[in-house]
């Protein structure tokens, strides 16, 4: 997966502008950080982002090695290429961090997110919500006479698209897990 690039502002650059043309290009990167599974580790990693004003778009944490007491933190963040490199380097210097993988740079990866959607509606809106859920392969996990709760797994873009289509049909609430990601291949 290539880095998603977002241009800040919409001003045109002059031929006389000697600034680096990539200086204001933001890239979205997915980082997989293997850490010791102990109290306070997540707070320290988040503290690094907070202290330097870096944004976290998505965050998931789970123990992945019970015997070795290791957890995997998956972070989706954005910044200029220099900022992303700085984040990676600062994470690697932390004592509790064993490895940092920039999945965006290392090659293709698989990214998935679980989301729950509560949609209220009656009549045609209810039927349309069920039809769209079938198209998106969302499962009904709760149903009342006035509402549904749908469960869906997919890329963050798929989750966003489903939420946008459900809004006019009575979307009331959304809960998302954050991105879980693995590199593809060996």
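See the values below:
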{"read-out": "Which numbered condition residue 177 fails, given (1) out of contact with any strand residue (DSSP E or B) (no Cβ under 8 Å at 6 or more places or on another chain); (2) touching a residue at least 60 places away in the same chain (Cβ under 8 Å)", "value": "(1)"}
{"read-out": "Residue match in the stretch 36-51 (condition: assigned to a strand (DSSP E or B) and modelled with pLDDT of 90 or more)", "value": "yes"}
{"read-out": "The stretch 122-144 - residue that is over 25 Å from residue 177 (Cα atoms) and touching a residue at least 12 places away in the same chain (Cβ under 8 Å) and, of those, surrounded by the fewest Cβ atoms within 10 Å (Cβ to Cβ)", "value": "122"}
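The values are calculated or read from the model by the stated rules, or taken from the named source; none is laboratory data. Only a predicted model underlies this, so the values are computations on that prediction, with no experimental measurement involved. A quick note on method: Cβ atoms are made from the backbone with ideal geometry, for glycine too, and the neighbour counts reach across all protein chains shown.
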